[in-house]
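Here is the structure we will look at, set down as structure tokens.
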Protein chains: 2
Amino acid sequence: MRRVFLFLAAVCWIGSTAFGADDPLPSWNDGPNKAAIVAFVEKVTTEGSPDFVPPAERIATFDNDGTLWCEHPMYTQLAFALDRVQALAPEHPEWKTKQPFQAVLDNDLAAIGDAGVKGMVELVTATHAGMITAQFEAIVADWFKTARHPRFKRPYNELVYQPMLELLAYLRAGGFKTYIVSGGGVDFMRPITKRAYGIPREQVIGSTIKTAFEMRDGKPVIMRLPELDFIDDKTGKPINIEKIIGKRPIAAFGNSAGDREMLEWTGAGAGARLMMLVFHDDAQREYAYGPANGLADTKFGTFPESLMNEAQAKGWVVTSMKNDWKRVFAFDK
Amino acid sequence: MRRVFLFLAAVCWIGSTAFGADDPLPSWNDGPNKAAIVAFVEKVTTEGSPDFVPPAERIATFDNDGTLWCEHPMYTQLAFALDRVQALAPEHPEWKTKQPFQAVLDNDLAAIGDAGVKGMVELVTATHAGMITAQFEAIVADWFKTARHPRFKRPYNELVYQPMLELLAYLRAGGFKTYIVSGGGVDFMRPITKRAYGIPREQVIGSTIKTAFEMRDGKPVIMRLPELDFIDDKTGKPINIEKIIGKRPIAAFGNSAGDREMLEWTGAGAGARLMMLVFHDDAQREYAYGPANGLADTKFGTFPESLMNEAQAKGWVVTSMKNDWKRVFAFDK
């Protein structure tokens, strides 16, 4: 009996070295990228370390599309907007001959993509407004229950990256406050971020449309207006971080050109910093796109060579989904 | 010796009844308003209570000027802006003949008041912009060190209401997340809110001017532009609460018509709610203003009769500084 115990203890001891049983990032392969993350967290959270950062300053910001969840074959919110165009089309006969709505009704994905950001904004303002905030939230929540990703045949909110969930939990265990700072609509993300990522509604920053406070039958409501308020992308990310958080992050995570300025802003602060880009090079388990893969760039999560060059020059961690991640989704073997 | 001990124990016991030593609000006089606050906090924080609210939903929002600190003889930020006009005047000879700047240089307080919100916005955009965020913050922090309130001869950040500090601490001890939601500029408040109120920068919501992300010598900066972004007052308060917090408060505290919509929005949610207005009726220890005192209304913290009528009709707590507060400032006897 004692020998069995000693044997089990030895197995446990071996298992716990090089993380093992205590590994906070079990879905990450050992290597320089995982080591860089762990080294950063340890030095900023260890009292007495020259790089120690007080808990109140441990702000970490995460892009959402392509960084925390899948953004292909199109942004999840665009899939939602297309479904809303179909649902609302009977009330809008004019859409049959008006772009980008006509392209949606014709299922012409290339034309939708060609409509670019301007087209997406038109689709979003037309389908996300004209109702009060509570109604919109109910529509979003319902959609997540029924809509399925075309390739993975699962609810979109299950297509979150398991290694990034572990990273979020690891940072929070180290006293970090984790924020989403996404080009996506804040009201589209909030119904699912707590359950999907453990991130409460007040730590979700995103693009917004204008709203108005109105009285309806003596009861106040907030009405969603078909007018853009702010696009939380590119320079909009550090601008919103400064406006809403008022503290410079010490860690920032993205995956595309839309995150460049957020990482630059984070990196320009004094003291230890961690900037990371998720690189989509895993066509088998998820998607591969972008010129740094020798592939064509994409309209959803563009990653130009200039971004890779900047990441290398500035020592940003570029995480390869293919090489750094043991699994991509929780449902992967 | 034992008798002395028993005597002391008896004194302590008597002192602790009806709050006494355990009173979380020692600067509040006993009465229906204090009782309403305590009853609300107890019912929403007591597990098993029909009015129990989970900690994540315990959001409390506070106006700043006139609710947490003194707003007379003018808003603190306006006093700052006037000092900045004087400091910058040598660089702006055109101000000598241009309103509202001329009124400031002539120390014509009535004309400054007459310039209204439009005039204040002009003064703020002219004096709060044209520099990067870090520079502005340093100017604000320096100003708080040297500027003195004309009546109390103390730094403005000491003119915070002691009963409200106790209320903030009491709510936080009950698991509430306390926010400032003020018409004042967010970047004017953030340098002092942590020390003055225990409220971290990311829980300060206020008015904003536009900013731009720029590269200077290869280093990113956020430049303050002389253009209004959003006025966080009246309907702007619930709009910003919904946009930035994304949760409806269960308690809201204000003191003027600028807080009406925030209290209406808070009160329209389901479940237990606490809405409170601080009423300035104490000319001796602070100031008395507003028609409900039988006095003229004021440009700073206007409290029309319609607001008093709405407060009474909806059961909002109207706290009398004179009758409900044992002391106003920490330095009061």
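The values are calculated or read from the model by the stated rules, or taken from the named source; none is laboratory data. This is a predicted model, so every value here is computed, not measured. Cβ sites come from the backbone with ideal geometry, for glycine too, and all protein chains shown count toward neighbours. With ligands, DNA and RNA removed, areas are computed over all heavy atoms of the protein, side chains included. Shrake-Rupley method; radii C 1.70, N 1.55, O 1.52, S 1.80 Å.
Some notes on this structure:
- Positive-end residue of B:P90, B:V53, B:I180, charge dipole of chain B with Cβ unit charges: B:V53
- Comparing Cα centroids, segment A:77-155 and segment B:291-333 end up 49 angstrom apart.
- Over segment A:188-333, the ratio between the Cα radius of gyration and 2.2 N^0.38 Å evaluates to 1.25.
- Inter-site label distance for B:E305 and B:A270 at 7 Å from Cα along Cβ, in nm: 3.9 nm
- Against the rule of thumb 2.2 N^0.38 Å, how large the Cα Rg of chain B comes out: 1.08
- Magnitude of the charge dipole for the protein assembly as shown, about its Cα centre and with charges confined to Cβ atoms of Lys, Arg (+1) and Asp, Glu (-1), is about 1740 debye.
- In straight-distance terms, cross-link reach from A:K326 covers every one of the aspartates and glutamates whose alpha-carbon lies under 18 Å from its own, apart from those fewer than eight places away in the same chain; here that gives A:D22, A:D23, A:D30, A:E158, A:E166, A:D281, A:D282, A:E286.
- Estimated at the nearest 10 Å², the accessible area of A:F188 is 10 Å² with a 1.4 Å probe.
- Entries of A:K177/A:K243; A:K153/A:K299; B:K237/B:K314; A:K43/B:K145; A:K210/B:K43 with Cα pairs more than 25 Å apart: A:K43/B:K145; A:K210/B:K43
- Accessible area per residue was computed with a 1.4 Å probe on protein heavy atoms; A:E94 scores about 90 Å².
- Among the protein heavy atoms of segment A:184-333, carbon and sulfur supply 50% of the accessible surface, probe 1.4 Å, non-protein parts ignored.
- Across the protein chains, with a 1.4 Å probe defining accessible surface, the residues A:T208, B:T235 rank B:T235, A:T208 from largest area downward.
- Other-copy label distances relative to A:P291, 7 angstrom Cα-Cβ extension, nm: 6.6
- Nearest-first distances (nm) between copies at A:P93, label 7 Å from Cα via Cβ: 6.8
- Dipole orientation for segment A:100-169: of the candidates A:M120, A:N107, A:F152, A:F152 has the Cα lying most toward the positive pole (charges on Cβ; Lys, Arg +1; Asp, Glu -1).
- FRET E, pair B:L225, B:S320, Förster distance 30 Å, beta-carbon r, rounded to 0.05: 0.10
- Cβ-derived FRET efficiency at R0 41 Å, B:D114 paired with B:A330, nearest 0.05: 0.75
- Most to least accessible of A:S207, B:S306 (protein chains only, probe 1.4 Å): B:S306, A:S207
- Unit Cα scatterers, Debye sum, segment A:131-224: log10 I(q)/I(0) for q = 0.11, 0.21, 0.22 Å⁻¹: -0.41, -1.12, -1.18
- Sorted shortest first, the distances from the A:P54 label point to those of the same residue in the other copies are 3.1 nm; each point sits 7 Å from Cα along Cα-to-Cβ.
- In a reduced charge model with +1 at each Lys and Arg Cβ and -1 at each Asp and Glu Cβ, segment B:242-316 shows a dipole moment near 360 debye about its Cα centre.
- Residue-level result for chain B: its Cβ closest to the axis carrying B onto A, with that distance in Å, is B:I244, 3.
- Once B binds A, the 1.4 Å probe can no longer reach about 2800 Å² of accessible area, counting both sides.
- Largest-first ordering by accessible area, 1.4 Å probe, given options A:T319, A:T146: A:T146, A:T319
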